[in-house]
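Engineer: Handing you this structure, nothing more for now.
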Amino acid sequence: MAGLLSQNINIAQQSIKGQFLRTALTVVIIAIGITALVGILSSVKALEGTIGGGLSGIGANTFNIQRYAFTMKRRGGGERNKVNPVISYREVKEFEEQWDFPFTQVGVSFQATSQAEVKSEDRKTKPKVIIAGVNANYTENAGLNIGEGRGFSSFDIKNNARVCIIGSDMEDELFQGLNPIGQTLSIRGSKFTVIGLLEEKGSTFGNNIDLRVLIPIDVARSIYTSPYINYDLSVKVKDEQFMDGAKDRATVLFRNIRGLSPVESDNFGLIQSDQLLGTANEIKGILYIAAFIISGITIFGSSIALMNIMLVSVTERTREIGVRKALGAKRSTISWQFFIETVLISQYGSILGILLGLLIGYIVSNVLEVEFSMPWMPVILATIISIIIAIFSGVIPAIKAAKLDPIEALRYE
């Protein structure tokens with residue numbers, strides 16, 4: 001049995017070489033479908049990690065008031081092109097002072113720059129550090145954990161203390177081998193004492209959010225004085241049953257601060273963490289559907305192409321089949337020969353498609369600066385699909401070859 005299988009494989013390999021161009025085109029068509037499937041699914045897996053990092057800006061039971069709402073629904077007419085004003089410092093201070101909803105706390109922040117160069121006594125970073133001005137509640141509202149040291153106190157914020165909290169990667173950049181707590185770093189010539197080290201969060205869409213420095217908000221405003229700075233407000237609700245009431249109250253308060261009349265629509269966005277997660281899952285679902293549709297259409301086309309090439313092969317080798325049958329070859333032997341040939345072509349396309357798909361996933365992971373992990377499920381799925389292609393495409397040509405009358409086949413020219 002093993003010898004017969006080996007013989008059929010050798011015959012199939014010779015046949016594939018004999019019709020190399022047609023076989024190569026079929027392999028490429030199969031590979032395109034498998035590449036689409038594996039590439040998109042492995043890229044989605046890489047995106048899951050970076051989306052998780054992107055949602056780290058909103059902690060559990062927290063909602064943000066931002067310049068724009070984040071929604072996948074397309075708005076019509078003038079709403080689509082509406083430009084909302086930035087959220088100003090005056091507005092966030094008024095909100096913070098007037099907010100009195102129970103079991104909640106307000107966080108205020110703004111990103112001063114994402115291209116800062118930070119120095120220690122003997123080292124400096126590349127100009128790619130994020131500097132953010134924050135209040136005392138920001139880290140808890142954002143779901144950030146202090147790994148070492150402490151967070152900001154109300155005293156630090158009110159007295160504009162020259163202290164800072166650094167991301168986990170800043171330790172390696174500036175304080176290799178040293179405990180960063182108590183060390184001094186310099187931002188635009190201003191000295192800050194490190195009081196806290198954040199736990200690692202990872203990268204999000206190519207931005208390393210662990211390479212950042214948090215400083216008191218008014219100190220940040222004195223160093224970075226760009227006009228039209230946009231601020232973010234976050235409200236953490238300590239008891240989830242008050243979430244809806246807190247959101248309604250925040251909407252009313254901020255509308256009053258902005259002087260909106262009852263007939264005017266909101267010119268700001270209110271975003272809750274679970275809404276962002278739902279939107280992220282919706283995007284992921286769309287990508288999965290796209291992967292299956294694209295690969296499904298391509299794979300169906302490749303199945304037809306593979307079946308046709310095998311039917312042509314049966315026709316071209318009719319005389320060969322007749323000779324083999326005349327020499328005693330059984331129907332099962334003939335059918336297995338052509339079926340194995342179909343399986344080999346399908347597997348060649350599958351292997352090429354998997355390799356190209358993994359390459360796409362690896363490139364996406366590098367661009368997003370997230371760790372690439374082997375997407376076993378897409379690979380297994382691609383292998384199963386290639387086997388299904390072989391069965392679908394190989395059965396009819398194999399049966400046709402097996403049913404050929406040896407006398408008529410020998411007469412075929």
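The values are calculated or read from the model by the stated rules, or taken from the named source; none is laboratory data. Remember, it's a predicted structure, so these values are computed and weren't measured experimentally. For neighbour counting, all protein chains shown are included, and Cβ atoms are generated from backbone atoms with ideal geometry for every residue, glycine included.
Engineer: Might you let me know whether region 197-217 holds any residue that is assigned by TED's automatic domain parsing to the domain that holds Val92, more than 30 Å from Ser365 (Cβ to Cβ) and surrounded by fewer than 16 Cβ atoms within 10 Å (Cβ to Cβ)?
Structural biologist: no
Engineer: Considering each residue of region 232-257, count those that are part of a strand (DSSP E or B) and either exposed (fewer than 14 other Cβ atoms within 10 Å of the Cβ) or on the phi > 0 side of the Ramachandran plot (or both), and give that number.
Structural biologist: 0
Engineer: Right, next: Would you call Ile229 part of a helix (DSSP H, G or I), in contact (Cβ under 8 Å) with a residue 60 or more places away in the chain and either touching a Leu at 6+ places or on another chain (Cβ under 6 Å) or crowded, with 17+ Cβ neighbours inside 10 Å (or both)?
Structural biologist: So Ile229 fails the test.
Engineer: For Glu341, indicate whether it is of a type in the set (D, E, K, R), closer than 21 Å to Gly33 by Cβ and either in a helix (DSSP H, G or I) or touching a residue at least 60 places away in the same chain (Cβ under 8 Å) (or both).
Structural biologist: Against the criterion (of a type in the set (D, E, K, R), closer than 21 Å to Gly33 by Cβ and either in a helix (DSSP H, G or I) or touching a residue at least 60 places away in the same chain (Cβ under 8 Å) (or both)), Glu341 qualifies.
Engineer: Let me ask something else about it. Just checking, which of Ser313, Ser346, Ser373, Ser335 is outside any helix (DSSP H, G or I), in the same structural domain as Gly18 (by TED's automatic domain parsing) and of a type in the set (S, T, N, Q)?
Structural biologist: Just one listed residue meets the conditions, Ser373.
Engineer: Among the residues of region 164-184, write down those that are under 21 Å from Ile209 (Cβ atoms) and part of a strand (DSSP E or B).
Structural biologist: Selection gives Cys164, Ile165, Ile166.
Engineer: If I filter region 352-364 for residues that are modelled with pLDDT under 80 and either surrounded by fewer than 19 Cβ atoms within 10 Å (Cβ to Cβ) or touching a Gly at 6+ places or on another chain (Cβ under 6 Å) (or both), do I get at least one hit?
Structural biologist: no
Engineer: I'd like to check something: does region 211-219 contain any residue that is among the basic types (Lys, Arg) and touching a helix residue (DSSP H, G or I) at 6+ places or on another chain (Cβ under 7 Å)?
Structural biologist: no
Engineer: Still on this structure: Based on this model, can you work out whether Thr298 counts as exposed (fewer than 15 other Cβ atoms within 10 Å of the Cβ), among the hydroxyl-bearing types (Ser, Thr, Tyr) and modelled with pLDDT under 80?
Structural biologist: No; evaluated as a whole, the condition is false for this residue.
Quick grid of which residues meet (1) under 19 Å from Tyr224 (Cβ atoms); (2) exposed (fewer than 15 other Cβ atoms within 10 Å of the Cβ); (3) at pLDDT 95 or above; (4) small (Gly, Ala, Ser):
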position	(1), (2), (3), (4)
Ser43	no, no, no, yes
Arg80	no, yes, no, no
Phe101	no, no, no, no
Thr125	yes, no, no, no
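Engineer: Now, a different point. On the basis of being charged (D, E, K, R) and in contact with a Leu (Cβ under 7 Å, 6 or more places away or on another chain), does Lys238 make the cut?
Structural biologist: In short, no.
Engineer: Kindly indicate whether Ile289 is among the β-branched types (Val, Ile, Thr) and free of Cβ contacts under 8 Å to residues at least 40 places away in the same chain.
Structural biologist: So Ile289 fits the description; yes.
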